[in-house]
Amino acid sequence: MSLIVQKYGGSSVADAESIKRVAKRIVETRKAGNDVVVAVSAMGDTTDELLDLAHAVTPIPAPRELDMLLSAGERISMALLAMAIKSLGHEARSFTGSQAGMITDARHGSARIVDVTPVRLREALDEGAIVIVAGFQGFNRDTKDITTLGRGGSDTTAVALAAALDADICEIYTDVDGIFTADPRVVPRAKKIDRITSEEMLELAANGAKVLYIRAVEYARRHGVTLHVRSSFNNNEGTIVYNPTTESENVVEEPLIAGVATDLGEAKITVVGVPDIPGKAAQIFNLVAKTGANIDMIVQNVSAAATGLTDISFTLPKTDGQTVLTALRADQSEVGFLGLQYDDQIGKLALVGAGMRTNAGVSARLFTALFEAGINIEMISTSEIRISVVTRADTINDALRVVHTAFGLDGDTEAVVHGGTGR
Ligand code: ADP
Ligand code: ASP
Ligand code: MG
């Protein structure tokens, strides 16, 4: 008997009809002779709606209470899904994150899983039940409080369950047929990818491809979990995300470009007039680090000979923008810079492919495509398998389409988006 972990995203359980449809699917998997553990997201855009509600009550909701509120979304869908399965004549039992043994650190809003103790899930499986677990939530042993795992965190719940229960496969069901060469909502000619390495998927997820949550990919990579990302609206084969174990596996599978991702969630801070002497970058980024913000690209200009001053720009999530500005302003005289600029109208595009390691000319082709479309590049950064550029936010979708075409990624047919609002 195999053990299959399935995760259903919000758009797959958006209303009562969808929940019944998903219940049938789960029952079919069970009838095929498998043990089934399901991680489920909140219905449709519930999490966003709960967040809006919290912000309507107070501008800065208390993190502990916000997690209490948001975790309610997955409680609703897990209970409804279990009911729907029972009404089909199969035993099903729902569990909250804490009942399922999802132990996390104490960081509200973006808690990390530190341990999984699925004792009750094993018992339920042994008794022949289908197990439904609320995604996106956990429990901290020290504070004894409910935590959430960050937006998109139900993916991590599924992967962590698959690792802890030593599942045979972890299926991520969503509203598109798999992982595409670009977001099919923006690039209709995007092609479905059959197989992608976890390394490439990690770069795509880190750069805005929200089809998989980056922490889920990291977790899968670390624990050797293979993922199958596919649609809950049909039976098509989706995309396998795998960890290459041999050199030959790596080479055979390696296309030049795996895909292109974009991100409109970042802002740029420029520290203007920084004395060009040793220790200043260290001072600035120590201040930033203390805020806990995750910075992405960093660019330092050549200093002007006349003044001995330089500018340092970096990008970071918009949500960290104000905190970091406040921290820098507080120590402005000590660091000795002249001023700060904040720009939240930027977009980031990342071209990802393991084949870049061994192919020249990728940057030239990227920059030419953007130039021909009249799109200005403001920042550039690279890793071994990725090139990222920052442009104006309002040009990012055009940039995505021209780059997709320039690298020959356009398919012959239009990609289908089965549901969801894209929110
Ligand atoms: P779920 O609710 O199932 O977790 P998400 O909305 O989190 O679904 O993720 C699925 C969405 O990710 C798709 O509808 C699509 O718009 C978006 N997406 C972004 N980049 C990609 C990509 N490269 N391939 C597929 N989908 C992508
Ligand atoms: N419901 C949560 C969110 O919208 C978690 C998830 O769907 O993965 O982010
Ligand atoms: Mg998601």
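The values are calculated or read from the model by the stated rules, or taken from the named source; none is laboratory data. From a predicted model like this one, the values you see are computed outputs, not experimental measurements. Methodologically, a virtual Cβ is constructed for each residue, glycine included, from the backbone with ideal geometry; neighbour enumeration extends over all protein chains shown. Accessible surface areas use protein heavy atoms only, side chains included; no ligands, DNA or RNA. Shrake-Rupley method; radii C 1.70, N 1.55, O 1.52, S 1.80 Å.
State the extension gain, in nm to one decimal, for the chain segment bounded by R357 and L88, taking 0.36 nm per residue of separation less the distance between their alpha-carbons.
Details: separation 269, 0.36 × 269 = 96.84 nm, distance 5.17 nm.
Net length gain for the segment: 91.7 nm.
Give me the accessible area per residue for the chain, probe 1.4 Å, as a whole number in Å². Please list the in-between numbers first.
Values: 18730 Å² over 423 residues.
On a per-residue basis, 44 Å².
Compute the separation of the alpha-carbon centres of the range 1-31 and the range 295-321 and state it in Å as a whole number.
Each part reduced to its Cα centre gives a spacing of 48 Å.
Taking the radius of gyration and the Kirkwood hydrodynamic radius from Cα positions alone, what is the Rg/Rh ratio for the range 245-363, to two decimal places?
Values: Rg = 18.4 Å, Rh = 16.6 Å.
Reported Rg/Rh (Cα atoms, Kirkwood Rh): 1.11.
If a paramagnetic tag sat 7 Å from the Cα of F285 along the Cα-Cβ line, which residues of the range 300-320 would have the backbone N under 12 Å from that point?
Flagged as within label range: 300, 313-315.
Expressed as a whole percentage, what fraction of the accessible surface of the chain belongs to carbon and sulfur atoms when a 1.4 Å probe is rolled over the protein heavy atoms?
Details: 9520 of 18730 Å².
Carbon with sulfur: 51 percent of the solvent-accessible area.
So how tilted is helix 321-330 from the main axis of the chain? Cα-based, degrees 0 to 90, rounded to 10.
40
Computed FRET efficiency, Cβ-Cβ of R112 and D168, R0 22 Å: what is it to the nearest 0.05? Write down the numbers at each step before the final one.
Numbers: r = 26 Å, r/R0 = 1.16.
So, using R0 = 22 Å, E works out to roughly 0.30.
Restricting to lysine pairs 8 or more places apart or on different chains, what number in the chain have Cα atoms under 13 Å apart? Provide the component values of the computation, followed by the final result.
Numbers: K20/K86; K24/K86; K268/K318; K268/K348; K318/K348.
The result is 5.
Roughly how far apart, in whole Å, are the Cα centres of the range 344-423 and the range 198-236?
The range 344-423 and the range 198-236 have Cα centres spaced 19 Å from each other.
What order, most packed first, do the peptides 269-275, 51-57, 301-307, 349-355 have when packing is the mean number of other Cβ atoms within 10 Å of each residue?
On the way: 269-275: 19.4, 51-57: 12.1, 301-307: 10.6, 349-355: 23.7.
So the order, starting with the most tightly packed, is 349-355, 269-275, 51-57, 301-307.
With a cut-off of 8 Å between alpha carbons and a minimum separation of six or more residues, what is the relative contact order of the range 18-145 in percent? Present the calculation step by step, with values, prior to reporting the outcome.
On the way: 194 pairs, mean separation 40.8, N = 128.
Worked out over the range 18-145, it gives 32 percent.
Bin by bin, in steps of 5 Å, what percent of the Cα pairs in the range 217-310 do you find, going until the bin that has the longest distance?
Result, from short to long distances: 2, 8, 11, 13, 12, 11, 10, 11, 9, 7, 4, 2, 1, 0 percent.
Quick one: work out Rg over Rh on the C-alpha atoms of the chain, Rh as Kirkwood radius.
Value, to two decimals: 1.00.
Please turn the phi angles of the range 374-389 into ³J(HN,Hα) values with the Karplus equation 6.51 cos²θ - 1.76 cosθ + 1.60 (θ = phi - 60°), one per residue in order, whole Hz, x for glycine and proline.
Karplus-based 3J(HN,Hα) across the range 374-389 equals x, 9, 7, 9, 9, 8, 9, 8, 9, 10, 4, 10, 8, 10, 10, 10 Hz.
Which FRET efficiency, nearest 0.05, do L309 and N376 yield, Cβ-Cβ r, R0 25 Å? Could the numbers behind the result be given before it?
On the way: r = 25 Å, r/R0 = 0.99.
It comes to 0.50.
Given axes a ≥ b ≥ c from the Cα gyration tensor, I'd like to know whether the range 286-423 is rounded (a/c under 1.5), prolate (a/b larger than b/c) or oblate.
Prolate, since a/c reaches 1.5 and a/b exceeds b/c.
Give a quick list of trypsin sites (Lys or Arg not before Pro) in the range 99-201 that DSSP marks as loop, anything other than H, G, I, E or B, with at most 11 other Cβ atoms within 10 Å.
Details: sites: R107, R112, R120, R122, R141, K144, R151, R185, R189, K191, K192, R195; in loops: R107, R112, R141, K144, R151, R185, R189, K191.
For trypsin sites (Lys or Arg not before Pro) across the range 99-201 that sit outside H, G, I, E and B with at most 11 neighbouring Cβ atoms in 10 Å, the list reads K144.
Take the Cα radius of gyration of the range 1-120 and divide it by 2.2 N^0.38 Å, with N its residue count; two decimals is plenty. Don't skip to the answer; put the middle values down first.
On the way: Rg = 15.7 Å, N = 120, 2.2 N^0.38 = 13.6 Å.
Compared with the compact-globule rule of thumb, the range 1-120 sits at 1.16.
HN-Hα J couplings of the range 141-156 from phi, Karplus 6.51/-1.76/1.60, θ = phi - 60°, integer Hz, Gly and Pro as x?
3J(HN,Hα) across the range 141-156, in whole Hz: 6, 6, 7, 6, 10, 7, 10, 10, 9, x, 4, x, x, 5, 4, 5.
Tabulate in residue order the Karplus-calculated ³J(HN,Hα) for the range 206-212, using 6.51 cos²θ - 1.76 cosθ + 1.60 with θ = phi - 60°, rounded to whole Hz; enter x for Gly and Pro.
Once θ is set to phi - 60°, the couplings for the range 206-212 become 5, 10, x, 7, 7, 4, 9 Hz.
What residues qualify as long-range amide H neighbours of K7, i.e. H under 5 Å apart, gap of 5 or more or another chain, H built at 1.01 Å from N?
Here the answer is A39, E171, I172, Y173, since their amide H atoms fall under 5 Å of that of K7.
Place a point 7 Å from Cα of I277 in the direction of its Cβ. Which residues in the range 317-347 have their backbone N less than 19 Å from it?
Correct set: 331-339.
Counting other Cβ atoms within 10 Å, keep those with at most 12, restrict to DSSP loop, and tell me which GluC sites (Glu not before Pro) in the range 318-423 are left. Let's see the in-between values first.
Working: sites: E334, E372, E378, E384, E414; in loops: E378, E384, E414.
In loop regions of the range 318-423 (DSSP not H, G, I, E or B), the sparsely surrounded GluC sites (Glu not before Pro) are E384, E414.
Could you give the angle, 0 to 90 degrees to the nearest 10, between helix 280-290's Cα long axis and the longest principal axis of the Cα atoms of the chain?
20
Whose amide H sits under 5 Å from the amide H of S231, counting only residues 5 or more places off or on another chain, with H placed in the peptide plane?
Correct list: T174.
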